[in-house]
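Everything on this sheet refers to the single structure shown next.
The values are calculated or read from the model by the stated rules, or taken from the named source; none is laboratory data. As the structure is a prediction and not an experimental result, all values here were calculated from the model. All Cβ positions, glycine included, derive from the backbone under ideal geometry; neighbour counts span all protein chains shown. In case anyone asks, the SASA skips ligands and DNA or RNA and just uses the protein heavy atoms, side chains included. Shrake-Rupley method; radii C 1.70, N 1.55, O 1.52, S 1.80 Å.
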Amino acid sequence: MENNNQVQKPETMRLEMESYSHNEQFARVVTAVFLSRLDPTLEEMEDVKTAVSEAVTNAVIHGYEGGEGKIILEATLEDSAVTICIRDNGVGIADIHKAMEPLYTSKPSNERSGMGFSFMEAFMDSVTVESEPGKGTTVTMKKKIGR
Amino acid sequence: MKVDHTEMSYQSEVRTLTVHLPSEVDHHTSKNLREQSEQFLDTFDIQRIVFDFSDTDFMDSSGIGILLGRYKRMKQAGGDVVVCGVNERINRILKMSGIYQIIPQMELKYQ
């Protein structure tokens with residue numbers, strides 16, 4: 001039987017958008033349409049959408065602190081896995097380890113739950129964060145589809 | 001049909017504020033939710049907030065932050081917060097967050 005959870009050749013897409021909060025949904029929708037080529041289950045689709053939403057929201061709220069800037073979303077489908085990279089050129093993170101601690105938030109007054117990175121880690125197979133103060137943040141996440 | 005905004009209604013006989021959430025609850029769609037609900041809480045004697053997820057099929061951690069914020073305020077006032085109309089996906093998110101320890105599910109009593 002043909003394996004639908006696989007692409008013949010690696011495919012890449014790149015989306016550059018403003019750091020407006022309405023682009024959180026836009027990023028989710030674009031990722032979902034691209035990911036559909038791997039014929040994911042509804043659950044896999046929702047997992048990836050949630051992880052993308054978390055990372056883009058972080059770029060909007062923390063990276064650019066509500067101000068303007070560009071967010072770049074890149075995704076690659078290779079064999080039966082998706083790799084998603086979300087990058088901003090914002091303020092960066094001084095202590096990545098602390099930022100990734102469950103329930104930690106630098107903005108408690110904004111009613112942030114501090115669960116963003118925990119959700120990304122729960123829904124994707126791997127999450128890598130690269131960041132430097134003043135130089136922005138890059139979050140790279142991978143997930144195998146159709147295991 | 002997609003519901004893209006939050007609707008709130010207050011039932012005085014049960015001192016309950018019902019928050020009908022939009023189809024997608026994220027940082028963008030929940031921006032005005034806090035101010036909107038604070039207005040109700042400042043105006044009425046509210047003992048319970050019901051978050052109705054009947055029309056919701058997506059929520060990320062921003063929604064958890066909103067629920068926690070309302071819970072803290074209601075706890076101070078001696079009231080509580082419940083959720084209803086939760087589908088499988090939303091249930092998974094709520095479970096994962098651990099929020100059911102403080103905000104239980106309630107069955108829908110109206111249609």
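Listing for the model above:
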item: Every residue from the stretch B:7-35 that is in contact (Cβ under 8 Å) with a residue 24 or more places away in the chain and under 12 Å from the mean Cα position of the chain (by Cα); result: B:M8, B:T16, B:L17, B:T18, B:V19, B:H20, B:L21, B:P22, B:V25, B:S30, B:L33, B:R34
item: Residue match in the stretch A:139-147 (condition: farther than 30 Å from B:G69 by Cα, part of a loop (DSSP other than H, G, I, E, B) and modelled with pLDDT under 95); result: yes
item: Residues of the stretch B:48-86 classified as within 22 Å of A:P108 (Cα to Cα) and aromatic (F, W, Y), total; result: 2
item: Search result, residues across the stretch B:10-46 that are open to solvent by less than 40 Å² (accessible area, probe 1.4 Å) and either within 17 Å of B:C84 (Cβ to Cβ) or more than 13 Å from every other protein chain (Cβ to nearest Cβ) (or both); result: B:T16, B:L17, B:T18, B:V19, B:L21, B:P22, B:S23, B:V25, B:L33, B:S37, B:L41, B:I46
item: Qualifying position, being more than 21 Å from B:V25 (Cβ to Cβ), touching a Lys or Arg at 6+ places or on another chain (Cβ under 6 Å), open to solvent by less than 40 Å² (accessible area, probe 1.4 Å) and among the β-branched types (V, I, T), among A:V127, A:V82; result: A:V82
item: Residue check, A:K135 farther than 24 Å from B:T29 by Cβ, touching a residue at least 24 places away in the same chain (Cβ under 8 Å) and either more than 10 Å from every other protein chain (Cβ to nearest Cβ) or surrounded by 18 or more Cβ atoms within 10 Å (Cβ to Cβ) (or both); result: yes
item: Hits in the stretch A:6-36 (condition: open to solvent by 70 Å² or more (accessible area, probe 1.4 Å), within 14 Å of the chain's Cα centre (by Cα) and basic (K, R)); result: A:R14
item: Among the residues listed as A:G69, A:G63, the single one being farther than 18 Å from A:D125 by Cβ and more than 14 Å from chain B (Cβ to nearest Cβ); result: A:G69
item: Residues of the stretch B:70-86 that turn out to be within 11 Å of chain A (Cβ to nearest Cβ) and either within 14 Å of B:T6 (Cβ to Cβ) or open to solvent by 60 Å² or more (accessible area, probe 1.4 Å) (or both), as a count; result: 3
item: Residue count for the stretch B:76-87, restricted to those that are modelled with pLDDT of 95 or more and either in a helix (DSSP H, G or I) or within 14 Å of B:F53 (Cα to Cα) (or both); result: 7
item: Residue match in the stretch A:37-54 (condition: hydroxyl-bearing (S, T, Y), more than 9 Å from every other protein chain (Cβ to nearest Cβ), crowded, with 18+ Cβ neighbours inside 10 Å and in contact with a Lys or Arg (Cβ under 7 Å, 6 or more places away or on another chain)); result: no
item: One residue from B:R15, B:R89, B:R48 being out of contact with any Phe, Trp or Tyr (no Cβ under 9 Å at 6 or more places or on another chain) and among the charged types (D, E, K, R); result: B:R48
item: Complete set of residues in the stretch A:57-79 that are closer than 21 Å to A:R37 by Cβ and buried (at least 18 other Cβ atoms within 10 Å of the Cβ); result: A:L73, A:A75, A:L77
